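Data block below; observations after.
The values are calculated or read from the model by the stated rules, or taken from the named source; none is laboratory data. Just so it is clear, the structure is predicted and the values come from calculations on it, not from any experiment. Note: ideal-geometry Cβ built from the backbone for every residue, glycine included; neighbour counts use all protein chains shown.
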Amino acid sequence: MKIAVHGRAFSPEFDDAIKQILKRIKALDDRPMLEFHFKRFLDERMSLTRDWQSFDEPHQVEGVDLLIAVGGDGTVLEAATLVRDTEIPVLGVNTGRLGFLSNVGIDEIDLAMDAVAAGKVWYEKRLLLKIEVDGMEFGEFPYALNEVAIMKRDTSSMVAVEVERDDSFVNNYWADGLIVSTPTGSTAYSLSAGGPIVMPGSEVLCINPVAPHNLNNRPLVIPAHGELQMTAEGRENQFLLSLDSRMFILDGGRKVRVTPAPFRFVLMNLEHQEFFSTVRAKMHWGIDPRDR
């Protein structure tokens, strides 16, 4: 098995756990690969990875059987920009906070690596969005796993976002911004803006205004197939366009086209993991603080 690892800096409290996962990875792959910046961090923190290969370009992970993302959900989003359209499975190990995507806890490392070695895992294909601006692919990796958002920039003035789906006018949203989220992104930014939790595998999108001027503008769930087109206007002529955690400046009047990507992001899960147990654990459903 060929394994690549991507991660972010972590606090010393995770040192022992990270050493354990690195040892387990080395037992499965005698020449594993580490993302360049993460390797430099690990080389300074511990000596286990000095003979590991490094990579800093997406094409260098082609042929890898598994990419392990060590961090929070943001690290898994970064992993999506590395695996791109290869559909290499990604396993998230959580050293962050919430961890909907990085759903392997530090205390589950041995369990997870045993499962990987024995093939006792299952794979979940997640929808991504493709973004074009004025008919051109946008940015180096014009795809988003969580959401696409148009937001106001450095001003208190609202942004007006006109939305069309295929040939039908949907609405003109006056708000601080507008989020178009996938089912994966329904537990991210969209959730904090009052959007619904959507089960992965649902082929739908959620259009969700952020702090809308008209309180009747509620989150709207639509089929994922088809084309969304968004155009932003406002007192200022520049806005923020975000693809997951990647931010860009968008000039007013430019047409942002959103369609389903022609490939999927593959998330590796352990056999016992499923969506509802994850939501219950992360959202504390069914827990009454009075029951102590």
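A few points about this structure:
Yes or no, residue by residue, for (1) polar (S, T, N, Q); (2) not assigned by TED's automatic domain parsing to the domain that holds Val116:
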residue	(1), (2)
Glu203	no, yes
Pro219	no, yes
Leu240	no, yes
Ser245	yes, yes
Ser277	yes, no
Pro289	no, yes
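- Count of the stretch 245-276 residues which are within 13 Å of Val148 (Cβ to Cβ) and among the aromatic types (Phe, Trp, Tyr): 1
- Near pairs, Cβ below 9 angstrom, 6+ apart or cross-chain, from the stretch 143-163 (closer than 29 Å to Val266 by Cβ) to any residue that is part of a strand (DSSP E or B) and of a type in the set (Phe, Trp, Tyr): Tyr143/Phe265; Leu145/Phe265; Ile150/Phe239
- Residue in the stretch 254-276 that is at pLDDT 90 or above, in contact with a helix residue (DSSP H, G or I) (Cβ under 7 Å, 6 or more places away or on another chain) and more than 23 Å from Thr81 (Cβ to Cβ) present: yes
- Search result, residues across the stretch 119-163 that are farther than 29 Å from Asn214 by Cβ and assigned to a strand (DSSP E or B): Val121, Trp122, Tyr123, Glu124, Lys125, Arg126, Lys130, Met136, Glu137, Tyr143
- Among the residues of the stretch 10-46, those that are loosely packed, with under 13 Cβ neighbours inside 10 Å, of a type outside the set (Lys, Arg) and within 23 Å of Val61 (Cα to Cα) comprise Ala27, Asp30.
- Members of the stretch 162-187 found to be touching a Ser or Thr at 6+ places or on another chain (Cβ under 7 Å) and either β-branched (Val, Ile, Thr) or surrounded by 18 or more Cβ atoms within 10 Å (Cβ to Cβ) (or both), listed by number: Ile179, Ser181, Pro183
- Residue in the stretch 47-88 that is surrounded by the fewest Cβ atoms within 10 Å (Cβ to Cβ), counting only those that are of a type in the set (A, V, I, L, M) and assigned to a helix (DSSP H, G or I): Val61
- The residues listed here are Ala112, Ala144; of these, the one that is in contact with a strand residue (DSSP E or B) (Cβ under 6 Å, 6 or more places away or on another chain) and under 20 Å from Cys206 (Cβ atoms) is Ala144.
- Filter result for the condition that a residue is under 17 Å from Gly185 (Cβ atoms), in the same structural domain as Val279 (by TED's automatic domain parsing) and either free of Cβ contacts under 8 Å to residues at least 12 places away in the same chain or not aliphatic (A, V, I, L, M) (or both), over Gly119, Gly105, Gly96: Gly96
- Any hit, the stretch 191-202, residues being outside any loop (DSSP other than H, G, I, E, B) and touching an Asp or Glu at 6+ places or on another chain (Cβ under 9 Å): no
- Listing of strands (runs of 3 or more DSSP E) fully contained in the stretch 212-292 that carry 3 or more residues being surrounded by 14 or more Cβ atoms within 10 Å (Cβ to Cβ) and at negative phi: 220-223, 228-234, 238-243, 255-260, 265-270
- Checking Gly135, Gly139, Gly71 one by one, the residue that is in the same structural domain as Leu42 (by TED's automatic domain parsing), small (Gly, Ala, Ser) and either touching a residue at least 40 places away in the same chain (Cβ under 8 Å) or farther than 28 Å from Glu203 by Cβ (or both) is Gly71 and no other.
- First in the stretch 172-193 and closer than 21 Å to Asp73 by Cα, second anywhere and of a type in the set (Lys, Arg), Cβ under 8 Å, 6 or more apart: Thr182/Arg126; Pro183/Arg126; Thr184/Arg126; Thr187/Lys282
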